[in-house]
Amino acid sequence: MVQFEDRAVTGEIVFAMPENERWFEIVEKPFYEELKDKSGETQRKLTIRIKFSDGRMGIYYPNRTSCRAMDRITNALDMDDWVGKKFYWGKILDQNVFGEQKKVPYVTSLYPLIEKK
């Protein structure tokens with residue numbers, strides 16, 4: 001059997017996960033890389049290697065809102081401080097992405113979730 005390695009995170013993958021397993025751990029320092037978009041233009045994207053809740057490895061290209069949420073949640077001054085932290089995708093929205101309707105996951109909190117009393 002072939003194992004998945006460095007699978008890119010998509011909203012469909014996160015949506016298919018049971019709700020209590022929609023978390024990930026950052027396993028390496030985040031970095032920026034140059035990637036071509038569908039139009040062929042090069043964009044600088046934040047790239048984060050993660051471990052899914054089931055142990056599979058993946059690459060996460062977070063949107064700006066999720067980046068801001070991770071920054072706010074951790075109160076970190078440097079993205080390197082995110083390594084070892086576990087985050088939870090608490091929202092998955094249907095959005096228009098470059099003319100296509102896609103599911104987009106959003107980070108909302110650290111994992112494990114803490115219930116407010």
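The values are calculated or read from the model by the stated rules, or taken from the named source; none is laboratory data. These numbers come from a predicted model, not from an experiment. Virtual Cβ from ideal backbone geometry, glycine too; neighbours counted across all protein chains shown.
Remarks
- Across the stretch 75-101, the qualifying residues are those that are over 15 Å from the mean Cα position of the chain (by Cα) and closer than 23 Å to GLU21 by Cβ, and the one among them that is surrounded by the fewest Cβ atoms within 10 Å (Cβ to Cβ) is ASP94.
- Candidate set from the stretch 46-74 (those that are assigned to a strand (DSSP E or B) and among the aromatic types (Phe, Trp, Tyr)); member that is farthest from the chain's Cα centre (by Cα): PHE52
- Residues in the stretch 7-31 that are closer than 17 Å to VAL83 by Cβ, in contact with a helix residue (DSSP H, G or I) (Cβ under 7 Å, 6 or more places away or on another chain) and crowded, with 16+ Cβ neighbours inside 10 Å: ILE26, PRO30.
- The number of residues in the stretch 62-74 being closer than 22 Å to GLU12 by Cβ and either exposed (fewer than 15 other Cβ atoms within 10 Å of the Cβ) or among the basic types (Lys, Arg) (or both) comes to 2.
- Those residues of the stretch 31-57 which are among the basic types (Lys, Arg), closer than 19 Å to VAL107 by Cα and without any contact (Cβ under 8 Å) to a residue 40 or more places away in the chain, in sequence order: LYS45, LYS51
- Only a single criterion out of (1) modelled with pLDDT of 95 or more; (2) closer than 18 Å to PRO112 by Cα is not satisfied by LEU93, namely (2).
- Residues in the stretch 32-43 include none that are in a strand (DSSP E or B) and crowded, with 16+ Cβ neighbours inside 10 Å.
- Residue check: PHE52 meets all listed conditions (1) of a type outside the set (D, E, K, R); (2) surrounded by fewer than 16 Cβ atoms within 10 Å (Cβ to Cβ); (3) closer than 26 Å to ASP80 by Cβ but one, namely (2).
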